[in-house]
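Participant: Got a structure for you, questions after.
The values are calculated or read from the model by the stated rules, or taken from the named source; none is laboratory data. Predicted model, so just to flag it, every value in this text is computed and none were measured. FYI the Cβ positions are ideal-geometry reconstructions off the backbone, even for glycines, and counts take in every protein chain you see.
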Amino acid sequence: MLAELLTGWIADQRWFAGKGRPIDDLSIESTVPLMDGDPALAHLIVKVVQGDRTTRYQLLLGLRDGLSSRLRHVFIGRCEWDGRERDVYDAAHDAELMGRLLHGIARDATVGPLSFHRAPEAEIDTSQRSLVMTAEQSNTSIVFGDQYILKMFRVVIPGMNPELEIVRALADEGSHHVARPFGWVEGTIDGETTTLAIMQAFLGGASEGWAMALTSVRDLYATPREVSAGDAGGDFAAEAERLGVATAEVHREMREAFGYDALDPDEIHSMAELYLAQLERAVAEVPALADHADVAREAYDLLASIDEPVLVQRVHGDYHLGQVMRTYDDWIVLDFEGEPGQPLAERRALHSPLRDVAGMLRSFEYAARHLLADHPDAETLEDRAEEWAVRNRAAFLSGYTRSGGELRPADVVMMRALELAKAVYEVVYEARNRPSWLPIPLAAFTTKH
């Protein structure tokens, strides 16, 4: 009965990774009672089969004899539990039940196969009341008062999540660019210790990089054309430069924590061939890319011609303006999970740090141009978008190199190839999901930076 209820409910959740495909089967793999009585709290791992894909999800279910009106919006259904009919709902929205998680972390508790861990020397105020953040997509983030934010990984993959691994290592290095870790929750999946949640300091009052950049772009669009981007009221370049500094410092701290290696020319040539194959598949799917494909081919040919080793190390892996927060004194980097949907081994693999740099450069392009989608004055504002992007890209790279990030000639070639490979991916994504945004990634093949 419960599995049937969850099958009908899970497909409508924002964090469900299998949207658009039918669910062939949902089974409950584990159930751990965390709190008995009325209300009760249970932790579940469910396995969802969709065609040839099987995905595990983590659920927190609340059970009450009668559900109050404040929780009706997260009601799942009624089923038998402990010998009687109960209302079942998404417990992440119940502050009374979420306090149990906070207490578990504070006490280093163990409940069946679940283990709660408090970070060394961390003091946790268990009186903080919880609130679910609504902006999260692939996970669920729960804020406790103004002190902590607990990220609950909805898709569960056996092993240590890179975010926990990297945040703990950088905190140990004394990094100023990660939010302090306060604790985490682990379970056992397929015999492996598996990260289920991580709790860090909540950055109350901080501003998201993407929101700051869009404010700057809007200000520029509203400024008389004779006023340059540098003289417009919301100029972002100083912050872009500070972000470049922070990025280089995080890369250095990751090298110190995890070491580094090098790609030899043969491995670089194989990378170029992989990008070329991805390009050809993209051209076949999105004909609009065909007229620009030679730009990417030329960049990949130059990549294949690199005849010296190139540094590789642990990287962020999904770096963009939405992954950074500006506090009153510095930039903080969030979400070290890596690219969503990739296996943990890939997300923990060594890559060129310029992969992160290229991701941020693409993010500047999106910030500059995404407001032009369906804009009546898009054509006349294109040069302003280009001006903003050029200025902030240059400022970011200036900060990056000033703080030790390398941009030798071979690195510039690598960065260009990585940026265009990212743009090729974006072309396919926008064509499938947001056709009106397709001009944004296509501009990557015509602009001269």
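Conditions tested, residue by residue: (1) over 17 Å from Leu59 (Cα atoms); (2) charged (D, E, K, R); (3) outside the structural domain of His43 (by TED's automatic domain parsing); (4) touching a helix residue (DSSP H, G or I) at 6+ places or on another chain (Cβ under 6 Å).
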| position | (1), (2), (3), (4) |
| --- | --- |
| Pro120 | yes, no, yes, no |
| Glu123 | yes, yes, yes, no |
| Gln137 | no, no, yes, no |
| Asp146 | yes, yes, yes, no |
| Glu163 | yes, yes, yes, no |
| Ile166 | yes, no, yes, no |
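Participant: Scan the helices (runs of 4 or more DSSP H) fully inside region 237-329 and keep the ones with 2 or more residues being without any contact (Cβ under 8 Å) to a residue 24 or more places away in the chain and under 19 Å from Val424 (Cα atoms).
Facilitator: 265-285, 293-304
Participant: Given the residues Ala349, Ala378, which is the only one that is among the hydrophobic types (A, V, I, L, M, F, W, C) and over 25 Å from Ala299 (Cα atoms)?
Facilitator: The conditions single out Ala378.
Participant: Residue check, Leu354 against (1) in contact (Cβ under 8 Å) with a residue 12 or more places away in the chain; (2) within 21 Å of the chain's Cα centre (by Cα); (3) surrounded by fewer than 20 Cβ atoms within 10 Å (Cβ to Cβ), all met but one. Which one?
Facilitator: With (1) in contact (Cβ under 8 Å) with a residue 12 or more places away in the chain; (2) within 21 Å of the chain's Cα centre (by Cα); (3) surrounded by fewer than 20 Cβ atoms within 10 Å (Cβ to Cβ) applied to Leu354, the lone miss is (3).
Participant: In region 114-135, which residues are surrounded by 15 or more Cβ atoms within 10 Å (Cβ to Cβ) and either farther than 16 Å from Val74 by Cα or of a type in the set (Lys, Arg) (or both)?
Facilitator: Leu114, Ser115, Phe116, His117, Arg118, Ala119, Ala122, Ile124, Gln128
Participant: Then there is this: Among (1) modelled with pLDDT under 95; (2) farther than 25 Å from Ile268 by Cα, which single condition is Ala394 missing?
Facilitator: Going through the list (1) modelled with pLDDT under 95; (2) farther than 25 Å from Ile268 by Cα, Ala394 breaks only (1).
Let's see how each residue does on (1) loosely packed, with under 12 Cβ neighbours inside 10 Å; (2) in contact with a Phe, Trp or Tyr (Cβ under 7 Å, 6 or more places away or on another chain); (3) within 28 Å of Ile332 (Cβ to Cβ); (4) not assigned by TED's automatic domain parsing to the domain that holds Asp356:
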| position | (1), (2), (3), (4) |
| --- | --- |
| Val250 | no, no, yes, no |
| Glu253 | no, no, yes, no |
| Glu256 | no, no, yes, no |
| Gly259 | yes, no, yes, no |
| Ala262 | no, no, no, no |
| Asp266 | yes, no, no, no |
| Glu273 | no, no, no, no |
| Ala284 | yes, no, no, no |
| Ala288 | no, no, no, no |
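Participant: For region 416-449, which positions are closer than 21 Å to Ala272 by Cα, crowded, with 21+ Cβ neighbours inside 10 Å and hydrophobic (A, V, I, L, M, F, W, C)?
Facilitator: Scanning region 416-449 gives Ala417, Leu418, Leu420, Ala421, Ala423, Val424, Val427, Ala444.
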